[in-house]
Structure formats: structure tokens, C-alpha cells
1. Quick check on region 19-30. Is at least one of its residues open to solvent by 60 Å² or more (accessible area, probe 1.4 Å) and among the β-branched types (Val, Ile, Thr)?
2. Only one of these is on the phi < 0 side of the Ramachandran plot, surrounded by fewer than 14 Cβ atoms within 10 Å (Cβ to Cβ), assigned to a helix (DSSP H, G or I) and without any contact (Cβ under 8 Å) to a residue 40 or more places away in the chain: Val42, Val46. Name it.
3. On the basis of being out of contact with any Lys or Arg (no Cβ under 9 Å at 6 or more places or on another chain), polar (S, T, N, Q), at pLDDT below 90 and under 22 Å from Phe21 (Cα atoms), does Ser47 make the cut?
4. Here are the criteria: (1) open to solvent by less than 30 Å² (accessible area, probe 1.4 Å); (2) part of a loop (DSSP other than H, G, I, E, B); (3) more than 21 Å from Cys119 (Cβ to Cβ); (4) not polar (S, T, N, Q). Tell me which single one Gly71 does not satisfy.
5. Lys102 is checked against (1) crowded, with 16+ Cβ neighbours inside 10 Å; (2) assigned to a loop (DSSP other than H, G, I, E, B); (3) at pLDDT below 90 and fails just one. What number does that condition carry?
6. Would you mention how many residues in region 49-68 are aliphatic (A, V, I, L, M) and outside any helix (DSSP H, G or I)?
7. Of the residues Ala125, Ala121, Ala117, Ala94, which single one is open to solvent by 70 Å² or more (accessible area, probe 1.4 Å), farther than 16 Å from Ile6 by Cβ and small (Gly, Ala, Ser)?
8. Output the residue which, of all residues in region 78-87 that are in contact (Cβ under 8 Å) with a residue 12 or more places away in the chain and either open to solvent by 30 Å² or more (accessible area, probe 1.4 Å) or touching a Cys at 6+ places or on another chain (Cβ under 9 Å) (or both), is farthest from Thr4 (Cα to Cα).
Amino acid sequence: MNKTAIFTILLLVCSNIFMTFAWYGHLKLQQTGISKGWPLAVVILVSWGIALLEYSFQVPANKMGFNGNGGPFSLFQLKIIQEVITLTVFTIVAMFLFSGEKLHWNHICSFICLVGAVCFAFWPAK
């Protein structure tokens, strides 16, 4: 794997950390009582602010990783890699921040299927 591929994947990981907090962080803030009385509009604006950071990593990752720009990945490969990273980051965050959430056998089987999707995405098409 070349440097561009590794850097693309690292940027996607950073992007997905921010995305997970933008999408689900407000639920943890609500659980802890920090945002319990916040109006929905405020929750949305805070999430958008975090999502801006997510886009600051996601857009460069896709731009440099896309083979149309000289990167190593096709558009479909980028998307499938991103989905696996999203689920991996989400699982780690959910297990550590949301104590009531448990990883079950069916979740693991689903993840294995997604890793299989990555393998198929990189299989040479003929």
C-alpha cells in the first residue's frame, strides 16, 4: 500500500471520528444531562459545527484517494472503505461512551460481511 492510500485511510478515520460525534455525541450529552434542555435547533447547530470538521478531513481524503485525481482508489472502493471505517469507529465509540450498548454476534457477522464487501470491491473486474 502506498503513502497516498495510507494517508487517505487516516484522513477517513479522522473524518469518521468527527462524524460519529456529530451524529451521536448529542445523545451522550443528553445522557449526562449537559444538553438535556437544549432545543433541537441548538443540537442541530452544534452537530453541524462538528460535521464541518468531519468534512475538513473527508473531502481531502476523497480528493486525494480518488483514482481520477491520481489516487489509488476507485469511487466505489473509497465509499466501501469509508463505510467499514464508519462502522469500526462507531463500534469503538458506542462501546466506550454508551455503556448500555453491547456488541452481539449478529453485529460481528454483519461486520464480517462488510469486510467481505471490501475484498470484493478490490477484486479485479473482468
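1. no
2. Numbers: Val46 fails: surrounded by fewer than 14 Cβ atoms within 10 Å (Cβ to Cβ).
Testing whether each residue is on the phi < 0 side of the Ramachandran plot, surrounded by fewer than 14 Cβ atoms within 10 Å (Cβ to Cβ), assigned to a helix (DSSP H, G or I) and without any contact (Cβ under 8 Å) to a residue 40 or more places away in the chain leaves just Val42.
3. Working: out of contact with any Lys or Arg (no Cβ under 9 Å at 6 or more places or on another chain): yes; polar (S, T, N, Q): yes; at pLDDT below 90: no; under 22 Å from Phe21 (Cα atoms): yes.
Against the criterion (out of contact with any Lys or Arg (no Cβ under 9 Å at 6 or more places or on another chain), polar (S, T, N, Q), at pLDDT below 90 and under 22 Å from Phe21 (Cα atoms)), Ser47 does not qualify.
4. The number of the failed condition is (3).
5. Exception for Lys102: condition (1).
6. Pass one, region 49-68, residues aliphatic (A, V, I, L, M): 50-53, 59, 61, 64.
The next check asks that each one be outside any helix (DSSP H, G or I); those that pass are none.
Qualifying residue count, region 49-68: 0.
7. Details: Ala121 fails: open to solvent by 70 Å² or more (accessible area, probe 1.4 Å); Ala117 fails: open to solvent by 70 Å² or more (accessible area, probe 1.4 Å); Ala94 fails: open to solvent by 70 Å² or more (accessible area, probe 1.4 Å).
Going through Ala125, Ala121, Ala117, Ala94 in turn, just one is open to solvent by 70 Å² or more (accessible area, probe 1.4 Å), farther than 16 Å from Ile6 by Cβ and small (Gly, Ala, Ser): Ala125.
8. Residues of region 78-87 in contact (Cβ under 8 Å) with a residue 12 or more places away in the chain: 78, 80-87.
Checking the rest, the ones that are also either open to solvent by 30 Å² or more (accessible area, probe 1.4 Å) or touching a Cys at 6+ places or on another chain (Cβ under 9 Å) (or both) come to 80, 83-84, 87.
Details: Ile80: 17, Glu83: 19, Val84: 19, Leu87: 22 Å.
If we take residues in region 78-87 being in contact (Cβ under 8 Å) with a residue 12 or more places away in the chain and either open to solvent by 30 Å² or more (accessible area, probe 1.4 Å) or touching a Cys at 6+ places or on another chain (Cβ under 9 Å) (or both), then Leu87 is farthest from Thr4 (Cα to Cα).
The values are calculated or read from the model by the stated rules, or taken from the named source; none is laboratory data. In this text, all values refer to a predicted model and were calculated from it rather than measured experimentally. In this analysis, Cβ positions are derived from the backbone assuming ideal geometry, glycine residues included, and neighbour counts consider all displayed protein chains. To get the accessible areas, we keep the full protein, side chains included, count just its heavy atoms, and leave off ligands, DNA and RNA. Shrake-Rupley method; radii C 1.70, N 1.55, O 1.52, S 1.80 Å.
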